[in-house]
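The values are calculated or read from the model by the stated rules, or taken from the named source; none is laboratory data. As the structure is a computational prediction, the values presented were derived from the model and not from experiment. So basically every Cβ, Gly included, is an ideal-geometry build from the backbone, and we count neighbours across all protein chains shown. Each accessible area value is taken on the protein alone, full model and side chains, heavy atoms only, with ligands, DNA and RNA left out. Shrake-Rupley method; radii C 1.70, N 1.55, O 1.52, S 1.80 Å.
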Amino acid sequence: MKAKMMTAALVLLLALFFSGAAMAQETGKIGILDVQRVLNASAAGKEATASLTAKGTAAQKDLLKRNDEIEELKKTLERKMLVMNPESRDEKQKELRNKILDLKDLEKKYQDDLRSMEQDLREGIMNQIMALVASIGKKEGYVLIIDKNEGGVVYAPDAIDLTDRVIQEFNADYQKSKGKKN
C-alpha cells in the first residue's frame with residue numbers, strides 16, 4: 001500500500017513538473033509599442049505630415065484670397081450703396097451673399113479633403129507598421145505586443161519597448177520601397 005502511494009505521489013509530482021514545464025514553454029515575450037511615436041518619428045510619417053501641411057497651407061491661402069475679395073466687394077458695396085439704383089444694389093448684395101456661401105462651402109470641402117487625405121495616409125502607414133510589428137512578433141516569439149497608448153499600459157520596462165526598433169526597421173523598409181519607385 002505504501003508503495004502504491006509512493007508511486008502515485010511520484011506520478012503526481014512528475015505530472016506537475018512536466019505540466020509546469022509545458023506551461024513555461026507556452027509563455028513568451030511581451031512587448032509594447034508607441035504607435036503614435038512611430039507615426040510622428042518615422043520618415044513616412046514625417047513625409048505624410050509635410051504633405052498634409054502643404055495642402056492645408058495652400059487651401060488656407062486660397063480661402064484668405066477669396067475672403068479678401070469678399071471684403072473688397074463689401075467695401076465697394078458700402079461706398080456705392082447710396083448712389084446705386086435698387087436693382088443694382090439688390091444684385092450686388094445677392095452676389096455678395098453667394099460669394100460668402102461659396103466661401104463657406106469651399107472651406108468645408110477643403111476640410112473634408114484634408115481629413116480624407118489624412119485618414120488615407122494614416123491608414124496606409126498603419127498597415128505597413130502593423131505588418132512589420134507582426135513580422136517582428138512572429139520572428140522573435142512575442143506572444144503579445146501592446147500599443148502603449150491604447151492598451152492601458154500603466155508601467156512597462158524599457159526593455160520590452162519595441163518603438164525605437166520599429167521606427168528604425170520601418171524607415172529602412174520605407175527607404176527601400178521609395179528607392180524602388182524612383
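Computed quantities for the displayed model
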read-out	value
Filter pass, ILE145 being at negative phi, open to solvent by less than 60 Å² (accessible area, probe 1.4 Å) and either part of a helix (DSSP H, G or I) or at pLDDT 90 or above (or both)	no
Every pair of residues 6+ apart whose Cβ atoms lie under 9 Å, when the first sits in the stretch 79-99 and is closer than 14 Å to GLU69 by Cβ and modelled with pLDDT of 85 or more while the second is open to solvent by 90 Å² or more (accessible area, probe 1.4 Å) and of a type in the set (Lys, Arg)	LYS92/LYS80; LYS99/ARG66
Residue check, GLU169 in a helix (DSSP H, G or I) and either open to solvent by 60 Å² or more (accessible area, probe 1.4 Å) or of a type in the set (Lys, Arg) (or both)	no
The stretch 114-162, residues that are of a type in the set (A, V, I, L, M), without any contact (Cβ under 8 Å) to a residue 12 or more places away in the chain and within 22 Å of TYR174 (Cβ to Cβ)	MET130, ALA131, ALA134
Selection status of THR7, part of a helix (DSSP H, G or I), surrounded by 10 or more Cβ atoms within 10 Å (Cβ to Cβ), of a type in the set (Val, Ile, Thr) and at pLDDT below 95	yes
Test: residue in the stretch 111-120 that is modelled with pLDDT of 95 or more, among the basic types (Lys, Arg) and open to solvent by 60 Å² or more (accessible area, probe 1.4 Å)	yes
Index of the failed condition, LEU82 passing every other in (1) in a helix (DSSP H, G or I); (2) loosely packed, with under 15 Cβ neighbours inside 10 Å; (3) more than 24 Å from the chain's Cα centre (by Cα); (4) among the aliphatic types (A, V, I, L, M)	(1)
